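Just so you know, all these numbers are worked out from the coordinates, no wet-lab data involved. Treat the numbers as computed from the prediction; the structure is a model and nothing was measured. As a convention, Cβ positions derive from the backbone with ideal geometry for all residues, glycine included, and neighbour counts pool all protein chains shown.
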Amino acid sequence: MMLPSQEKYLIIGLGNPGRDYLHNRHNVGYMVINEYLKSTGIKISKMKYGFGVETPRAIFLMPDTFMNNSGTAVKHYLAKIGGDSNKLCVVQDDMDIELGRVILKFNGGDNGHNGIKSINNSIRTNKYYRIRIGVGRPPEGMEPADYLLSDFLPNELEAIKNGIKKASDGLDIIIKDGFIKAMNQINKTKRQNKKEENINGERI
């Protein structure tokens with residue numbers, strides 16, 4: 001039996017479509033959605049504005065509109081679940097969090113992330129949840145944009161795989177028990193650096 005639309009979650013994994021971007025740091029949102037759906041045995045299909053699946057509890061989507069137009073897909077599917085941004089969770093990469101660390105947070109600024117900026121502009125609010133996965137900082141002399149569009153290095157794979165798994169487990173908690181329980185579970189790990197103490201000017 002389907003639940004009323006307002007009781008459904010919208011889970012968005014950010015990234016860029018296409019093989020050239022498949023393993024990029026900027027595509028870690030895609031990686032988490034893929035991990036979760038694979039772990040639950042749910043088949044991914046083509047959907048309007050991307051790839052994913054709709055279940056009785058949630059709509060999962062990896063937008064194919066490219067990062068800086070992510071808001072188009074989010075606006076469409078948010079309306080489909082009743083327009084309540086408190087039921088929206090966006091999975092994103094974050095350079096201000098150490099590699100592989102995961103934080104679940106409500107609201108905040110875009111911090112220069114083009115996908116978040118597009119979503120905020122499209123739905124006219126930043127009042128939604130975000131699972132932020134640390135991808136580390138670019139080395140000296142490397143532009144942030146180039147860093148985000150680069151692949152993880154071999155010595156980084158274990159940390160990012162652990163982060164993806166933790167974020168995927170977090171999605172499972174959200175679907176079964178809600179955001180507050182998921183936040184308590186995901187964020188209980190001790191902070192590792194001062195940048196994580198204050199993300200976008202708001203304490204986590």
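Points worth noting:
- Entries in LYS105/LYS166; LYS87/LYS181; LYS8/LYS181; LYS48/LYS75; LYS48/LYS117 that, when Cα-Cα distance is taken, lie over 19 Å: LYS48/LYS117
- Alpha-carbon gyration tensor eigenvalues x 5, square-rooted, for the range 1-86, Å: 22, 15, 10
- Cα-based shape type of the chain, given that a ≥ b ≥ c are square roots of the gyration tensor eigenvalues and the cut on a/c is 1.5: rounded
- For ASN121, the shell of other residues with beta-carbons less than 12 Å away shows a net charge of +2, using +1 for Lys and Arg and -1 for Asp and Glu.
- Charge dipole (debye, nearest 20) of the range 1-64; +1 at Cβ of Lys and Arg, -1 at Cβ of Asp and Glu: 100
- Candidates ILE164, ILE81, ILE116, ranked by Gaussian network fluctuation over the chain, Cα under 10 Å, top entry: ILE81
- Scanning the chain for trypsin sites (Lys or Arg not before Pro) that sit in a DSSP loop and have at most 16 other Cβ atoms within 10 Å, the longest stretch containing none of them is 58-123.
- Aspartates and glutamates whose Cα lies under 16 Å from that of LYS176, excluding same-chain neighbours fewer than 8 positions away: GLU7, GLU54
- Rounded to 5, the percent of DSSP beta bridges in the range 5-203 classed as antiparallel: 55
- Relative contact order of the range 5-203, defined on C-alpha pairs under 8 angstrom at six or more residues apart (%): 25
- Whether the range 124-187 is rounded, prolate or oblate, judged on the alpha carbon gyration tensor where a/c under 1.5 counts as rounded: oblate
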